[in-house]
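The values are calculated or read from the model by the stated rules, or taken from the named source; none is laboratory data. Here the structure is a predicted model, which means the values were calculated and not measured. Heads up, the Cβs are rebuilt from the backbone with ideal geometry, glycines too, and the neighbour counts pull from every protein chain shown. Accessible surface is based on the protein model in full, side chains and every heavy atom, while ligands, DNA and RNA are left aside. Shrake-Rupley method; radii C 1.70, N 1.55, O 1.52, S 1.80 Å.
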Amino acid sequence: MDAEEFRLLVSSTALSKKSHYYYSGGLAADVISADYAQRSCVVELTATGSEISDAGCLDEGLVGTVADYWTSALITALSQGRSALTTSLTVQALKPIAPGTKLHMTCTATDATQPCAVAVIAAAAESSDVYAVATHTKFFKSRS
């Protein structure tokens, strides 16, 4: 599968989620690149004032929600549509951020029976300028 086909697959998988509680589904975020061989995708979004905590960092609820939403879509796309349940989601906001900062969230997943994904949220202009990280462990539902 080439990069553009995989990017479209991850994006359409996210948009077809049946869960209606996802705040992330309403966020202006786009998959800007994806790599099937690297098991990764990059999602672009912009931090607004409402997504910044009183401490000046990305709100950890936001970080957890977007990490869950997009890493779940990535894992589902990589596993040919298999559903998986979250067993653990850990998030950490790392430093203050200014409203209007354009961000790239790089999501990478393992190839395992209990997949794990990592999401790193960094400045779009400088990937080493990291604002938050998340790890997401899932397990696949049995096929019955």
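Restricting the first member to the range 66-83 and to residues that are acidic (Asp, Glu), and the second to residues that are open to solvent by 20 Å² or more (accessible area, probe 1.4 Å), the beta-carbon pairs closer than 9 Å and six or more apart or on different chains are ASP68/TYR22; ASP68/THR86; ASP68/LEU89. Looking only at residues in the range 62-104 that are open to solvent by less than 40 Å² (accessible area, probe 1.4 Å), within 21 Å of SER11 (Cβ to Cβ) and in contact with an Asp or Glu (Cβ under 8 Å, 6 or more places away or on another chain), the one that is modelled with the highest pLDDT is LEU103.
Filter the range 44-61 down to the residues that are in a loop (DSSP other than H, G, I, E, B) and touching a helix residue (DSSP H, G or I) at 6+ places or on another chain (Cβ under 8 Å), then identify the one that is most open to solvent (accessible area, probe 1.4 Å). So the residue we want is ASP59.
Do we find that ALA123 is open to solvent by less than 50 Å² (accessible area, probe 1.4 Å) and touching a Leu at 6+ places or on another chain (Cβ under 8 Å) in this structure? Yes. Give the range 14-38 a look and list any residue that's outside any strand (DSSP E or B), at pLDDT 75 or above and open to solvent by less than 50 Å² (accessible area, probe 1.4 Å), or say none. Scanning the range 14-38 gives ALA14, ALA29.
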